[in-house]
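Here the structure is laid out as structure tokens; the discussion comes afterwards.
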Amino acid sequence: AARMTTMVASVGAPCVGARCDGRRARRRHRTIASSSSSSSDEPQPQSRPGLNLLGRAVHVSDVLARRPDDVLERLATTSASYDRDVARLETIVPGLARRRARGELSMERARALARDVKRASMNVMTVKLMFDEGAGVDAAAVCAAADGLLDMDAAAATRAREALEGFRALLGTPSGDVFCAGVPGVLLMENDARDGVMRRVRTLRDVLPRASIATICTRRPWIALDDEALDIACVAAEELRQAMPPDAKVDMMLTDFPNLLNVDIVSLLQDIERTFGHDPCAILRRDPRIASQFEKNSGVFRPLR
């Protein structure tokens, strides 16, 4: 009997252990299967706790969802207060309202500028004092065209003064002032970009020594900003000079009608001769505005009405 009890005990013990190991294996299998199935699914976004800002809860999801009105409400302010600041700024710089109406300036950018109306006003005064009084520059219009001037810091203001002095040295005073007012983006450029503009202006001045480069670039700023536009302008100036009689004041003509610098002069003269049957140079010299009445030099004469 003792021997049988020992045999039963020795045989039964491993069986109990096997059952326990089996249960553990099944539980482990279910855990692995559950984790693998959940990992195959797309991860579900987890809610993040709100931020306690001045006693008010601002949830990260609101910020990520870009719901500014909701966030402003939680911060005890409204977009109307920002809009009032924008209205104040646009009273000081009316050109901003016109740019915003044309879609050139976003409301977000206008609100960013209006966060510190005092600073923007001081920068308008800084720009006004930079320019020579004899140039008759409207500082508010300059700041509206290059809105980066409104939130510039001390370093940017110094860079703007250096740019103005550089163009004064190149074109003289007040021509340098007129140029910078007409192409105000140069006041915000880094040195390398500004040097490129100066190189183009110098080239155009060599091609048209008796023209008002400041006036031309004010009305056609891309000539000073783009190499391809400069090349087209230089070719047009040379073609017009070769076609016109020696007594023609080509430089003055191009100053008054800089749109000719963007025209294929040879094709234009052919179109004029084909249309009117007379000396095209005499016709163009008498009224350079006729160039705008030909649609892309197609030879089709479309009188202005």
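Bear in mind that the values in this text are calculations on the coordinates, not laboratory data. As the structure is a computational prediction, the values presented were derived from the model and not from experiment. Neighbour counts are summed over all protein chains in view; Cβ atoms, including those assigned to glycine, are modelled from backbone coordinates with ideal geometry.
For the reader, a short list of remarks on this structure follows.
- Simple point charges give the picture: +1 on the Cβ of Lys and Arg, -1 on the Cβ of Asp and Glu, and for the stretch 72-166 a dipole about the Cα centre of about 340 debye.
- Cα gyration tensor shape of the stretch 72-166, rounded if a/c is under 1.5, else prolate or oblate by comparing a/b with b/c: prolate
- Its Cα centre serving as origin, the stretch 190-305 has a Cβ charge dipole (Lys and Arg +1, Asp and Glu -1) of approximately 480 debye.
- Dipole of the stretch 72-166, positive end: most advanced residue of M125, V93, A135 [Cβ charges, Cα centre]: V93
- Working note: Cα gyration tensor of the stretch 190-305, eigenvalues times five, square-rooted, sorted largest first, giving semi-axes of 27, 15, 11 Å.
- Karplus-derived HN-Hα couplings along the stretch 234-245 (A = 6.51, B = -1.76, C = 1.60, θ = phi - 60°), whole Hz, x at Gly and Pro: 5, 5, 4, 5, 5, 5, 5, 5, 6, 7, 7, x
- Most positive-pole-ward Cα, V201, L225, P245, against dipole of the stretch 190-305 from beta carbon charges: P245
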